[in-house]
Amino acid sequence: MALYAAAAAVLAGVENRQGSIKGLVYASSFQNVKPLYALVCETQRYAAVLDAVIASAGLLRAEKKLRPHLARVLVYELLLGKGFRGGGGRWKPLLGRHQARLKAELARLKVQRGVSRNEDLLEVGPRPGSVSQVPRFVRVNTLKTCSDDAVDYFKRQGFSYQGRASSLEDLRALKGKHFLLDPLVPELLVFPAHTDLHEHPLYRAGHLILQDKASCLPAMLLAPPPGSHVIDACAAPGNKTSHLAALLKNQGKIFAFDLDAKRLASMATLLARAGVSCCELAEADFLEISPMDQRYNRVQYILLDPSCSGSGMPSRQLEEPGPGRPSRERLCALAGFQQRALCHALSFPSLQRLVYSTCSLCQEENEDVVRDALQQNPGSFRLAPVLPSWPHRGLSTFPGAEHCLRASPETTLTGGFFIAVFERAEGPSSASQAAAVAPELAPSPAPKRKKRRRKPAPAV
């Protein structure tokens with residue numbers, strides 16, 4: 001089956017350092033990137049387990065024409081996935097000859113490690129708060145449903161709702177089929193690490209968005225009110241764009257730009273499934289967009305999440321687990337682009353608020369870019385002091401850097417992230433922007449845990 005060959009090719013490319021999982025998936029000739037990306041990520045996550053089972057079963061010795069990366073993908077599907085898709089083609093009978101031995105070796109491995117569930121094999125040995133312990137965050141798409149209905153749907157499926165979390169320890173302690181409402185981000189449900197919802201009917205219908213908590217912060221902190229005009233400068237793959245549309249309640253306008261036609265096509269599909277109707281997609285370089293164009297004269301909000309090293313992404317840390325960091329040459333090139341994009345965004349005449357974010361851990365792409373942009377726009381913009389109780393702040397490399405936010409698996413139980421919120425100095429004061437960060441001070445009421453009569457969730 002073409003899916004398995006494509007997944008094996010991506011895994012080989014990652015091992016040979018030809019690119020990241022996401023980059024190689026989008027560069028693949030396989031058309032349906034979503035199942036390919038999910039299969040590659042899950043296979044890579046279980047790589048050590050799969051390699052141990054394959055070696056113990058002697059699979060590669062018995063099937064000399066079967067390459068290691070393809071074997072890893074096929075054994076994942078057989079033992080840990082949902083079974084072979086589309087009948088499995090010629091691979092199903094091949095693996096069928098070894099199925100009993102492979103299952104026996106997996107069972108033996110569980111006994112050796114003293115665990116009973118497949119996902120528990122991933123939890124042997126990691127330090128608390130590591131990448132493998134980041135919970136599964138699920139944003140309820142309020143363009144299609146509400147938190148109450150989503151919670152009720154999961155409860156009918158046998159999940160146990162624990163109410164709103166009060167601390168990171170509540171999130172860290174999640175196990176089994178328990179789930180919570182995040183204490184900070186409205187409409188964000190939290191499930192135990194490794195909960196797989198890619199085939200869940202609410203996700204497939206666009207009622208749920210699988211999005212890390214840190215990735216939800218940029219739109220939440222930009223907080224454009226309904227009716228606003230917003231630019232999403234580097235928009236694909238579109239999760240943040242769909243979040244902006246939900247905040248706008250589909251009232252207003254989002255101008256979304258990206259240079260990659262294939263990523264934009266996937267993004268259009270995502271937005272359509274999410275019910276987004278206020279977004280105008282453009283295959284264009286944001287740096288080539290004129291701030292004086294009359295189409296953008298009402299743009300007061302910009303979200304800028306530019307290309308970066310991705311050094312904070314959980315998938316990147318799983319595929320490149322060593323202590324290395326991007327080369328100095330690559331960081332210089334990325335930081336140069338990021339600085340140009342940020343200064344360009346700050347030149348839009350009606351701009352009042354901008355969020356700059358990356359999924360990088362590198363100072364060169366984060367605090368250094370923000371500092372240089374402030375220096376090039378003296379007196380025009382300042383950093384908004386957002387989320388004062390957030391535990392991980394910007395590095396103290398310049399005055400005011402403490403207003404920036406950082407995130408990591410160890411400190412915030414999320415992927416690695418960086419966020420800076422700019423506001424126009426002569427515009428509305430920080431006090432008048434309090435509503436933009438209100439979720440921290442006055443969270444929306446959590447769905448109650450007690451049973452009650454409700455109309456069923458929308459059919460999917």
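The values are calculated or read from the model by the stated rules, or taken from the named source; none is laboratory data. Keep in mind that this is a model prediction, so the values were computed, not measured. Ideal geometry is used to build each Cβ from the backbone, glycine not excepted, and the neighbour counts take in all protein chains shown. In case anyone asks, the SASA skips ligands and DNA or RNA and just uses the protein heavy atoms, side chains included. Shrake-Rupley method; radii C 1.70, N 1.55, O 1.52, S 1.80 Å.
Scanning the stretch 250-267 for residues that are buried (at least 16 other Cβ atoms within 10 Å of the Cβ), assigned to a helix (DSSP H, G or I) and out of contact with any Asp or Glu (no Cβ under 8 Å at 6 or more places or on another chain) returns Arg263, Ser266.
Reported count of residues in the stretch 375-393, each being open to solvent by less than 40 Å² (accessible area, probe 1.4 Å) and within 16 Å of Leu405 (Cβ to Cβ), is 5.
Looking only at the stretch 216-249, which residues are open to solvent by 20 Å² or more (accessible area, probe 1.4 Å) and under 17 Å from the mean Cα position of the chain (by Cα)?
From the stretch 216-249, those open to solvent by 20 Å² or more (accessible area, probe 1.4 Å) are 223, 225-227, 229, 234, 237, 239-240, 247, 249; that's our starting set.
Cys234, Pro237, Asn239, Lys240, listed by residue number.
Within the stretch 1-46, the only residue that satisfies the criterion of being in a loop (DSSP other than H, G, I, E, B), touching a residue at least 60 places away in the same chain (Cβ under 8 Å) and closer than 26 Å to Leu264 by Cβ is Ser20.
What number of residues within the stretch 170-212 satisfy the criterion of being in a helix (DSSP H, G or I) and open to solvent by 10 Å² or more (accessible area, probe 1.4 Å)? Before the answer, list the steps.
In the first step, residues of the stretch 170-212 are kept if they are in a helix (DSSP H, G or I); the result is 170-172, 201-204.
Imposing the further condition that a residue be open to solvent by 10 Å² or more (accessible area, probe 1.4 Å) reduces the set to 170, 172, 201, 203-204.
So the count comes out to 5.
Within the stretch 395-417, the set of residues being at negative phi, open to solvent by less than 10 Å² (accessible area, probe 1.4 Å), modelled with pLDDT under 95 and under 21 Å from the mean Cα position of the chain (by Cα) comprises Ala407, Pro409, Thr412, Thr414, Gly415, Gly416. For Lys144, the conditions (1) basic (Lys, Arg); (2) surrounded by fewer than 16 Cβ atoms within 10 Å (Cβ to Cβ); (3) part of a loop (DSSP other than H, G, I, E, B) are fulfilled apart from (2).
Taking (1) touching a strand residue (DSSP E or B) at 6+ places or on another chain (Cβ under 8 Å); (2) open to solvent by 20 Å² or more (accessible area, probe 1.4 Å) in turn, Ser277 satisfies each apart from (1). For the stretch 160-184, a residue qualifies if it is among the hydrophobic types (A, V, I, L, M, F, W, C) and touching a residue at least 24 places away in the same chain (Cβ under 8 Å), and the qualifying residues are Ala165, Leu168, Leu171, Leu174, Phe179, Leu181, Leu184.
Please verify whether the stretch 40-60 includes one or more residues that are among the aliphatic types (A, V, I, L, M) and farther than 26 Å from Arg113 by Cα. Reasoning before the result, please.
From the stretch 40-60, those among the aliphatic types (A, V, I, L, M) are 40, 47-50, 52-55, 57, 59-60; that's our starting set.
If we keep only those that are farther than 26 Å from Arg113 by Cα too, we end up with none.
For the stretch 40-60, residues among the aliphatic types (A, V, I, L, M) and farther than 26 Å from Arg113 by Cα: absent.
When restricted to residues that are outside any helix (DSSP H, G or I), under 23 Å from Arg108 (Cα atoms) and open to solvent by 20 Å² or more (accessible area, probe 1.4 Å), the stretch 47-71 contains 1.
In the set (1) over 24 Å from Glu410 (Cα atoms); (2) touching a residue at least 24 places away in the same chain (Cβ under 8 Å); (3) of a type outside the set (Ser, Thr, Tyr), Gly114 fails one condition alone, (2).
Summed over the stretch 344-374, residues that are in contact (Cβ under 8 Å) with a residue 60 or more places away in the chain, charged (D, E, K, R) and open to solvent by 10 Å² or more (accessible area, probe 1.4 Å) total 0.
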